[in-house]
1. Which residues belonging to the range A:186-222 lose at least 10 Å² of 1.4 Å-probe accessible area when the assembly is complete, relative to their chain isolated?
2. Between A:LYS56 and A:ALA82, what is the label-to-label distance in nm when each label sits 7 Å out along the Cα-to-Cβ direction?
3. With a 10 Å cut-off between alpha carbons and a GNM built on chain A, which of A:VAL128, A:VAL239, A:VAL163 moves the most?
4. Return the subset of A:LYS244/B:LYS42; A:LYS244/B:LYS185; B:LYS42/B:LYS147; B:LYS42/B:LYS185; B:LYS54/B:LYS185; B:LYS54/B:LYS147 for which the Cα-Cα distance in this structure is over 29 Å, preserving the input order.
5. Taking a ≥ b ≥ c as the square roots of the eigenvalues of the Cα gyration tensor of the range B:1-72, is the shape rounded (a/c under 1.5), prolate (a/b larger than b/c) or oblate?
6. What are the radius of gyration and Dmax of the range A:137-249, computed over its Cα atoms and given in Å?
7. Once ligands and nucleic acids are excluded and a 1.4 Å probe is used, how much of A:SER269 is accessible, expressed in Å² to the nearest 10?
8. Of the residues A:ASP101, A:ASP197, A:ASP119, which exhibits the maximal mean-square fluctuation in a Gaussian network model of chain A defined by a 10 Å Cα contact cut-off?
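The values are calculated or read from the model by the stated rules, or taken from the named source; none is laboratory data. Everything numeric here is computed off the predicted structure, so don't read it as measured data. FYI the Cβ positions are ideal-geometry reconstructions off the backbone, even for glycines, and counts take in every protein chain you see. Remember, those area values only see protein heavy atoms, side chains included, never the ligands or the DNA or RNA. Shrake-Rupley method; radii C 1.70, N 1.55, O 1.52, S 1.80 Å.
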Amino acid sequence: MQTFLEQLFIGLSLGSILLIVALGLTFTFGQMGVINMAHGELIMAGAYVPYVLQTKVGGALGGRAGLAFLAALPIGFAVAGALGLVMERTVLARMVDRPLDTLLVTFGISLMLQQAARDLFGASNVEVVAPSWLSGRWELLGVVMPHSRLFIIALVAVLVGLVSAFLSTRPEGRRMRAVMQNRDLAAISGLSTRRVDATTFFLGSGLAGVAGVAVTLIGSIGSQVGAGYIIDAFLVVIVGGLGKMRGTIIAAFGLGMLNAFSEYWTSASLGKAILFIAVIAFLQFRPNGLVSFQTRGLTG
Amino acid sequence: MSGLVVDDVRVAYGRTEVLFGVSLEVPDGSLVCVMGRNGVGKTTLLNTIAGLLKPQSGSVSFDGSSLAGVGAHQRARLGLGYVPQGHAVFPQLTTRENLQVVMERQGRRARAASLRQQDLDEVLDLFPALTTLMNRPAGLLSGGQAKQLAIARALVTGPRLLVLDEPTEGIQPSIIHEIEDTIAKLHAAIGMTILLVEQYVEFALRLADRYAVLDAGRVVSTGLTSEADPSAFAELMAV
Ligand SMILES: Nc1ncnc2c1ncn2[C@@H]1O[C@H](COP(=O)(O)OP(=O)(O)OP(=O)(O)O)[C@@H](O)[C@H]1O
Ligand SMILES: [Mg+2]
């Protein structure tokens, strides 16, 4: 029972990271039909933000690791958002609805960004100092829950709430949903799809940046930190249904749990294999994902 | 000339040519109807006018200026309101949101909120059925309701030219009647310029001042509806 609850907790915290990574992916894929393989490097960019704040400008923050970490959350959002926006403006905006082309191009970008990180920060992994108030742990029914992981779960819950409120109540959010649901109809209704794409990309990339800041609480970071999450995040997007928030949430936690339990019962690599088999089996029954709707164009 | 001018437009999907040099004029204040059998390229023509498709040659101009290089959303802002064929609504947005998202688009924020409410009220007056469906996702509306919403969506932007693609297709007679009344009202009362694509010949001839018949990617017949012989269309429209 106790190990079950322990794995449940690990699955929950893994699922919440996957969720925040996958949300950005599903928005950009659902809306623009582009596959951004460099999304993982936006996580990486976010992860290096608290590192830079702590090591390079640590003096300005009085050497306070906790303050630097908190400041990194909005700054990581902005840095990754801006990086994503540059990618969107320079490359992806020219490749709307060409998923395979974007897959290849962004794979190249992803490798370049990883190399850039190694040039800037060195080839070996670095540590971000966790705030002291996150170093404790809770024990409930014998399950050990580190504060850092609880913090991540709470952070993701807040972010998902904010994103969902943004989508349903803000004019910019409504425009995003409209473009996602029918791009041509949005254009002929006077919505600038280019501008909406930019908003979407900034938001999705920014979320990856925050995820990057969050994963520094779990372990050391390096140029590969994002690559470790990206495949699972793509699986979440596929299982959840493109551009769907509800499906993405269910799929993220489902895959997080599956990951945690299968790795516990077997080994890490066998666990991954089980995960893939489960996803493939699932797609036999629901090829469009958990939740799907038709996105229709007007010109076919 | 003010109004819409389509001049010798050629359009292809990849290598498949669909329009072989179509010319059409929709003068300010007129109501022009384009007819033609299934697959002759009516929707292709309208999508080209709206800026969703690029012609290989030829031009589209609106109020005297060429629309070459002008994107679909900019054409909408120039006053081109387009109601595409079929279920042309945002399915996961409610009826209200479908209208809201179009009214609050970028660049229109400066307009006073009260003025917008007035625009909305005016449009809803034309489609009273929508007022009870404001909170329903548009994907759940019936074909007739969705069509009314699509027309309302085009109207809330205050277009100077309204383009309608087969508004009666698959719609029950009573709603066709309402739509006919609405189009007639818009044309007569505020002199709105309208380009209507329709296969329902009697409906089209009752409404339009002028007609053009499209066949195999070309305009094969044009004229005044008052001088048209409805039976002559039977052959041109037969599949
Ligand atoms: N996206 C597309 N790709 C390739 N061919 C297309 C595409 N859209 C339309 N076509 C072809 O172009 C031709 C004209 O189609 P279009 O939709 O313009 O006809 P239409 O006159 O509007 O027909 P309908 O009365 O059925 O609406 C058809 O032969 C159709 O198969
Ligand atoms: Mg058509």
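1. The answer is A:ALA187, A:ILE188, A:SER189, A:GLY190, A:LEU191, A:SER192, A:ARG195.
2. If labels sit at A:LYS56 and A:ALA82, their model points lie 1.1 nm apart.
3. With Cα springs under 10 Å in chain A, the top fluctuation among A:VAL128, A:VAL239, A:VAL163 is at A:VAL163.
4. Details: A:LYS244/B:LYS42 34 Å; A:LYS244/B:LYS185 41 Å; B:LYS42/B:LYS147 18 Å; B:LYS42/B:LYS185 24 Å; B:LYS54/B:LYS185 33 Å; B:LYS54/B:LYS147 26 Å.
Check vs 29 Å cut-off fails for A:LYS244/B:LYS42; A:LYS244/B:LYS185; B:LYS54/B:LYS185.
5. On the way: a/c = 2.04, a/b = 1.28, b/c = 1.60.
It is oblate, given that a/c is not under 1.5 and a/b is not larger than b/c.
6. Gyration radius and largest Cα-Cα distance of the range A:137-249: 17.3, 59 Å.
7. Per-residue accessible area (A:SER269): approximately 90 Å².
8. Comparing A:ASP101, A:ASP197, A:ASP119 in a Gaussian network model of chain A, the most mobile one is A:ASP119.
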